[in-house]
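Have a look at the structure below before the remarks.
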Amino acid sequence: MKQDLFINIDKVHTTKMGVDRIRRNLHLNTNDVVTYCKEKVLDKNCNIYKQGKNWYCEIDNMRITIHSRSYTIITAHIL
């Protein structure tokens, strides 16, 4: 099932507000939060599961939430 996310990884994106929210929540210094999140999702140690309409990707004590139809990164949090 998570192969659907891998196959569509190029569709993963976020909004301007999403960039600010993710950067703030994860304490990132990069402006390219989408690439950062994609790299985390593709990491072999990432635990990916789908619940309802969202994908949840957990790695390195963080959770990235991606909408399963639009592939929009909704948010990310430190666990």
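A few points about this structure:
- Dimensions in Å of the chain - Rg and Dmax from alpha carbons: 11.2, 32
- Residue among His27, His67, His13 with the largest mean-square fluctuation in a Gaussian network model of the chain, springs linking Cα atoms under 10 Å: His27
- Lys, Arg +1 and Asp, Glu -1 on Cβ, resulting dipole of the chain about Cα centre, debye, nearest 20: 260 debye
- Rounded to 10°, Cα long-axis angle of helix 33-42 versus longest principal axis of the chain: 30 degrees
- Relative contact order of the range 3-78, pairs being alpha-carbon contacts under 8 Å that are 6 or more residues apart, as %: 32 percent
- Net charge of neighbours whose Cβ lies under 14 Å from the Cβ of Val19, counting Lys and Arg as +1 and Asp and Glu as -1: +3
- Helix axis angle, 16-26 relative to the chain longest principal axis, alpha carbon, degrees: 80 degrees
- Counting lysine pairs in the chain whose alpha carbons fall under 18 angstrom apart, excluding pairs fewer than 8 residues apart on the same chain, gives 13.
A short reminder: the numbers here are calculations on the coordinates, not readings from a lab. Bear in mind that the values here come from a model prediction, so they are computed numbers and not experimental data. Using ideal geometry, Cβ is built from the backbone for each residue, glycine included, and neighbour counts are taken over all protein chains shown.
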